[in-house]
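The values are calculated or read from the model by the stated rules, or taken from the named source; none is laboratory data. Worth saying up front: this structure is predicted, and the values here are computed from it rather than measured. Note that each Cβ is placed from the backbone with ideal geometry, even for glycine, and that neighbours are counted across all protein chains shown. These area figures cover heavy atoms from the full protein model, side chains too; ligands, DNA and RNA do not enter into them. Shrake-Rupley method; radii C 1.70, N 1.55, O 1.52, S 1.80 Å.
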Amino acid sequence: LGAARKNWACLMNPPIHGFALLLSSAGEREREREREMAAPGKCILITGPPGVGKTTLVVRVLESVKASFPDLKVQGFYTREVRQGNVRVGFEVVAVNGQRAPLASINNPSPESVRWPTVGRYRVDVASFESVA
């Protein structure tokens, strides 16, 4: 994680009772818009190129918050890459309660997936996402 720190733009100082995370690997214009939407003290904004450890950081922060404040209600989700060997083939959505579901894939042969929206080369399973998030 050390080498990745220089790539993260963080807005910190959230109140302990209201904790939110925004993750992004967007371009500079999109990051500026996200910074404007994230009210100071309400969110932590983590940005950086793919593979620098954004999701790893979020998972570790969530583990630490849960351990330090066991009665705190923590809600939300994050996404993880799905890989076949060294090739990213999609993403899954993971709720902080541990529930998981497919989010997007380049390898979905089901007939209904033809009607799903696409983001880049990925077909997005909206119903699956909404079942978790």
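Quick notes on this structure:
- For region 96-111, a residue qualifies if it is outside any loop (DSSP other than H, G, I, E, B) and open to solvent by less than 50 Å² (accessible area, probe 1.4 Å), and the qualifying residues are Ala101, Leu103, Ala104, Ser105.
- Pairs, first open to solvent by 60 Å² or more (accessible area, probe 1.4 Å) in region 58-82, second in a helix (DSSP H, G or I) and not charged (D, E, K, R), C-beta under 7 Å, six or more apart: Phe77/Val132; Arg80/Thr55
- Here the condition is being open to solvent by less than 30 Å² (accessible area, probe 1.4 Å), out of contact with any Gly (no Cβ under 7 Å at 6 or more places or on another chain), over 30 Å from Lys66 (Cα atoms) and not small (Gly, Ala, Ser); of Val89, Val93, Val114, it holds for Val89 alone.
- Boolean, Ala133 is exposed (fewer than 11 other Cβ atoms within 10 Å of the Cβ) and either under 21 Å from Ile46 (Cβ atoms) or in contact (Cβ under 8 Å) with a residue 12 or more places away in the chain (or both): no
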